[in-house]
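The values are calculated or read from the model by the stated rules, or taken from the named source; none is laboratory data. This is a predicted model, so every value here is computed, not measured. We place every Cβ from the backbone using ideal geometry, glycine too, and count neighbours over all the protein chains shown.
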Amino acid sequence: MAHHNTDKLARRGLMFILSSPSGAGKTTISHMLLTADEEIKLSVSVTTRPKRPGEIDGVDYHFVTDAQFDRMVEEDDFYEWAEVFGKKYGTPKGYIRKGLKEGQDFLFDIDWQGTQQLKQKDDQDVVTVFILPPSLDELRSRLEGRAQDSADVIDRRMDRARGEISHWAEYDYVVINDDVDQCFVKVREILHAERMRRTRQTGLIPFVRELTS
């Protein structure tokens, strides 16, 4: 009788979404996750904005023309897309669906609006995590500590943060980032647990059939 390696049973991949207000830590946690976990990779968006120096097509973004992007919209080839400051950004559907079927996990660093669009298109494969700052004072302190923005811009970011935080209850998991290392541990535990969901363990069917035959 054949023996399966139970550590490597086939499974369906998942779309792991991290959202947070600016300054709450999702980009830092995303980088930590990509460095620590070889089974997940960043979802690469399609964009109409020009390539910046050092960027690589297919690694940083898939760079396309407005006409190509509009054609993809018409053909319903995006999970979600948006226009930001006159440039369009979208998540390509075909490439990700193929990867999910092969057991590849994808990491998304998107806001609550993109999260809702993604869930509407493919709820079964989506896991959503919202990262909260320990306080608004701490959030402002982190934004000021970057020394990247003027006081006016920071005020606007804080207003936007309050709006984003109001959507916390739409997420599967909520983690408070008062310590980045502890926050990362919690986020990684969520990812591990979600990979083990029975519905994603496609290899369990033949494995259990063999056990019971």
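Which pairs turn up if I take residues in the range 91-104 that are under 19 Å from Arg200 (Cβ atoms) and look for partners that are in a helix (DSSP H, G or I) with beta carbon separation below 7 Å, at least 6 apart in sequence or on another chain? Listed pairs, sorted by first residue: Leu100/Asp125.
A quick yes/no check of all residues on (1) over 24 Å from Leu100 (Cα atoms); (2) modelled with pLDDT of 95 or more; (3) not polar (S, T, N, Q):
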| site | (1), (2), (3) |
| --- | --- |
| Ala169 | yes, yes, yes |
| Val175 | yes, yes, yes |
| Arg188 | no, yes, yes |
| Ile205 | no, no, yes |
| Ser213 | yes, no, no |
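Results for (1) at pLDDT below 95; (2) surrounded by fewer than 17 Cβ atoms within 10 Å (Cβ to Cβ), shown as yes or no for each residue.
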site: Ile110; (1), (2): yes, no
site: Gln120; (1), (2): yes, yes
site: Gln124; (1), (2): yes, yes
site: Val127; (1), (2): no, no
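For the range 36-68, the candidate set comprises residues that are among the small types (Gly, Ala, Ser) and under 15 Å from the mean Cα position of the chain (by Cα); within that set, the residue that is modelled with the highest pLDDT is Ser43. Checked against (1) part of a loop (DSSP other than H, G, I, E, B); (2) loosely packed, with under 13 Cβ neighbours inside 10 Å, Ala10 passes all but a single condition, namely (2). Residues of the range 20-35 that are out of contact with any Ser or Thr (no Cβ under 6 Å at 6 or more places or on another chain), touching a residue at least 40 places away in the same chain (Cβ under 8 Å) and part of a helix (DSSP H, G or I): Thr27, Thr28, Ile29, Ser30, Met32, Leu33, Leu34.
Of the listed requirements (1) in contact with a helix residue (DSSP H, G or I) (Cβ under 7 Å, 6 or more places away or on another chain); (2) hydrophobic (A, V, I, L, M, F, W, C); (3) loosely packed, with under 14 Cβ neighbours inside 10 Å, Ile205 misses just one: (1). Tally the residues that are polar (S, T, N, Q) and loosely packed, with under 11 Cβ neighbours inside 10 Å, restricting the search to the range 20-65. Residues that pass the stated criteria total 2.
The residue that is farthest from the chain's Cα centre (by Cα), among those in the range 147-177 that are surrounded by 15 or more Cβ atoms within 10 Å (Cβ to Cβ) and part of a helix (DSSP H, G or I), is Ile154. Close contacts from the range 196-213, counting a first residue that is aromatic (Phe, Trp, Tyr) and a second that is in a helix (DSSP H, G or I), with Cβ to Cβ under 8 Å and a gap of 6+ residues or different chains, come to Phe207/Thr6. The C-beta contact set for the range 53-80 (first residue within 22 Å of Gln117 (Cβ to Cβ) and without any contact (Cβ under 8 Å) to a residue 12 or more places away in the chain, second residue among the charged types (D, E, K, R) and part of a loop (DSSP other than H, G, I, E, B), distance under 9 angstrom, 6+ apart or interchain) comprises Arg71/Asp77.
Within the range 66-80, if we keep just the residues that are of a type outside the set (Gly, Ala, Ser) and assigned to a helix (DSSP H, G or I), the residue that is surrounded by the most Cβ atoms within 10 Å (Cβ to Cβ) turns out to be Phe69.
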